[in-house]
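Any read-out appearing in this document is the output of simple, stated calculations on the displayed coordinates, not a laboratory observation. No experiment lies behind these values; they were computed from the predicted model shown. Note: ideal-geometry Cβ built from the backbone for every residue, glycine included; neighbour counts use all protein chains shown.
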């Protein structure tokens, strides 16, 4: 029998489509963790490194520092927090602050600027807190 005579069964076609769908889904979920768009940034800077000034972090909001892979927030005046910018769902780097939420662009997970807790799934674990200290007008790694 030649290749021209081969006719795949419906089962083979659907198995192939299913495998293709799984491969596409895995590629979409893992691209960020392997250096794709929005992937995790660098390592947290060494202790004592200046991350930002206090005036750069808005009250009731925050900023994302992609190169440091950190999010700095100021939930209330003078109360500064830091979290890893790596989403706990797929490892994508969060990229924005929207109101009181830290936002992951990959699947829409959101985290509280107050404690890094999940406010909108699919992430089920909070962002990792990072130790910081305020010295005058500077926010430093602890």
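Structural remarks
- Normalised contact order of segment 55-142, rounded percent, pairs of Cα under 8 Å and 6 or more residues apart: 22
- Given their separation in residues at 0.36 nm each and the Cα-Cα distance between them, residue 77 and residue 96 gain 4.8 nm when the chain is fully extended.
- Cα centroid separation, segment 67-93 to segment 47-65 (Å): 10
- Additional length obtainable on full extension of the chain from residue 47 to residue 138, 0.36 nm per residue less Cα span: 31.4 nm
- Estimated FRET transfer efficiency when R0 is 30 angstrom, pair residue 56-residue 125 (beta carbons, to 0.05): 0.60
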